[in-house]
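Written out below as C-alpha cells is the structure these notes cover.
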Amino acid sequence: MKLPVYLDNNATTPMDPRVLEAMLPYFTEHFGNAASRNHAYGWEAEEAVDYAREQVAKLIGAEAKEIIFTSGATEADNLAIKGVFEMYAGKGNHIITCVTEHKAVLDTCHHLEKLGGEITYLPVSNDGLIDLKELEAAIKPETILIAVMYANNEIGVIQSVKEISNIARKHGVLFFTDATQAIGKIPVNVQNDGIDIMAFSGHKLYGPKGVGALYVRRKHPRVRLTAQMDGGGHERGMRSGTLNVPGIVGFGKACELCRLEMEADAKRIKVLRDKLEDALLQIEETYLNGNKELRLPHVSNISFKYVEGEALIMSFSKYMALSTGSACTSASIEPSYVLKALGNSDDMAHASLRFGLGRFTTEEEIDFAIEQITAAVYKLREMSPMWEMFKDGVDMNSIQSTQAS
Ligand SMILES: *Cc1c(COP(=O)(O)O)cnc(C)c1O
C-alpha cells in the first residue's frame, strides 16, 4: 500500500496510465499544430483532436461540434457565464445561481455584478439542495441564465438537474451547469438532462490537468456565446489559442474510459465509501453533511464534533491525504462556505473531513483509513476540554454561544 493513502479525488484524480500512453506520441512524433492546414503534421494533430472531440461528446450524449476545448473547468465556467452575459445583454442582465457553487462560478458572478449584472444567489436547505419553487420565483423578464452545479465538490450532493432545466425551458432561460464533479462518475446526458451549457475538466476524471471543455448546445435552442479570448478564431470562434493537442488526446481517452467503466467503478467505489462512512458514523457525535441519497457514490463529508479538522489532518498527514471543511486564505483558516450554507456552525464546519474515493482506491486503504481516523478522533478528544465538558453533561449550546460572543 502506497502512503500517504490518497482520499482527495475531488481535488484532482491521478491520471490513468492508459491515458498517459495515449498522450505520449503527441508530445514528440506527432507534435503538429492542429490549425496547420498545409501539411501532414497539422493534419495528424487535427485528426487526433477530432477523435478526442468525439470521445468527449459521446460521454455526455452531445455532438462533437458542441464541444469547445478549454484549459479546464475554471475557464469553461468563465466562458459560459461571461459569454452569456455579453451575448444576451440585449435581453437582460439577471443571472440566478446558488450559494454552494464552486468559486469559479461565484467569483465570475461577483465580477459581473461590478459590470452591471444582477445576480440572485439561491440558498440551500440543510441537505444541500436548492428549492425549485424558490428558483422559479426568482425568474423575471431580465433573467438570461440559470447557473446551478450538477454535483457539489465538497459534499457530493446532486441537484435536481432535470427539474431545473424544465423550469429554465418553460421560461425561455438558458441553463448552465458546472458538472466537473459529476462527469465520468455518474451518467450525465445533455439531452435527457436538458442542459444548454456545461463545464467539465480532464483532471477530475483521470485525465491530464490543464484541459477541459465547455458543452455549448447547437439546436433547440442554439446557444451563442461572446468569446472571452480573442485571437485566431479556434473552437468555432469561442476560444482562440493553439490547442493543447496531447492534453486533448488524454482528455478524450479519459472520457472514453469513463464511459466504458464508470458504472462498474461507481458500484465498487460506493461499497468502499459506505464501509468508510458507516464505520466513521459509528463514532459518537459524528454527522454526515449533505443529502445521503442524492449524492455522488464516491464522496462523503463528515463532521467530527469537538475535533478540529485541521488538527485531525495534521495528526495523520504522513499516512493519509485528504481535505478539511476549511479553506486556507492568505490571512486565516476559514470555515467552508458550503458547510456553513447548510446551516453548520463555524465549529462544525472546521470539524469536518471530505473524503473523495476514486478508481484506484482499494479496500485495504479504506480499512487503514478507518483505523487511522478513528484512533485520531479518540486521541484528540481525550485532550479536548470541550469533549470533557460534553461527557460531563454540560449544556454545550450555552457554553459555545458564550464563547462566541
Ligand atoms: C475542480 C473544479 C473546478 C475547477 O476545475 P479546473 O479544471 O481545475 O479549473 C470547477 N468546478 C468544480 C465543481 C470543480 O470541482
Any chance Leu357 is closer than 17 Å to Pro4 by Cβ, touching a residue at least 60 places away in the same chain (Cβ under 8 Å) and touching a Phe, Trp or Tyr at 6+ places or on another chain (Cβ under 7 Å): no
Search result, residues across segment 153-166 that are closer than 23 Å to Val216 by Cβ and touching a Gly at 6+ places or on another chain (Cβ under 6 Å): Ser165
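Give, as residue ranges, the strands (runs of 3 or more DSSP E) completely inside segment 196-303 that count at least 1 residues that are of a type in the set (A, V, I, L, M, F, W, C) and closer than 17 Å to Thr70 by Cα. Working first, answer last.
Numbers: elements: 197-201, 212-216, 286-288.
Result: 197-201, 212-216.
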Residue check, Ala34 in the same structural domain as Gly202 (by TED's automatic domain parsing), over 30 Å from Ile144 (Cβ atoms) and at pLDDT 95 or above: yes
Qualifying position, being modelled with pLDDT of 95 or more, over 12 Å from the mean Cα position of the chain (by Cα) and within 16 Å of the ligand (Cβ to nearest atom), among Ile186, Ile139, Ile167, Ile155: Ile186
Meets criteria (part of a loop (DSSP other than H, G, I, E, B), touching a residue at least 24 places away in the same chain (Cβ under 8 Å) and either crowded, with 20+ Cβ neighbours inside 10 Å or of a type outside the set (S, T, N, Q) (or both)) for Leu129: yes
Within segment 313-332, considering residues that are buried (at least 17 other Cβ atoms within 10 Å of the Cβ) and out of contact with any Phe, Trp or Tyr (no Cβ under 7 Å at 6 or more places or on another chain), the one modelled with the highest pLDDT: Met320
Any hit, segment 191-202, residues being of a type outside the set (Val, Ile, Thr), over 18 Å from Gly61 (Cβ atoms), in the same structural domain as Thr100 (by TED's automatic domain parsing) and more than 14 Å from the ligand (Cβ to nearest atom): no
Failed criterion for Gly241 (all others in (1) within 22 Å of the chain's Cα centre (by Cα); (2) within 16 Å of the ligand (Cβ to nearest atom) hold): (1)
Test: residue in segment 152-173 that is assigned by TED's automatic domain parsing to the domain that holds Ile81, exposed (fewer than 14 other Cβ atoms within 10 Å of the Cβ), at negative phi and small (Gly, Ala, Ser): no
Test: Val124 is in the same structural domain as Lys82 (by TED's automatic domain parsing), among the aliphatic types (A, V, I, L, M), within 16 Å of the ligand (Cβ to nearest atom) and assigned to a helix (DSSP H, G or I): no
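Give me the residue from segment 63-106 that is of a type in the set (D, E, K, R) and more than 11 Å from the ligand (Cβ to nearest atom) and, out of that set, nearest to Met149 (Cα to Cα). Even if it seems obvious, please write down each step before you answer.
Here is the first cut: in segment 63-106, the ones of a type in the set (D, E, K, R) are 63, 65-66, 75, 77, 82, 86, 91, 101, 103.
This time we only want the ones that are more than 11 Å from the ligand (Cβ to nearest atom), so: 63, 65-66, 82, 86, 91.
On the way: Glu63: 22, Lys65: 23, Glu66: 19, Lys82: 16, Glu86: 21, Lys91: 23 Å.
Among those residues, the one meeting the criterion is Lys82.
The values are calculated or read from the model by the stated rules, or taken from the named source; none is laboratory data. Since the structure is predicted, the reported quantities are computational estimates derived from the model, not experimental observations. Neighbour counts run over all protein chains shown; Cβ positions are idealised from the backbone, glycine included.
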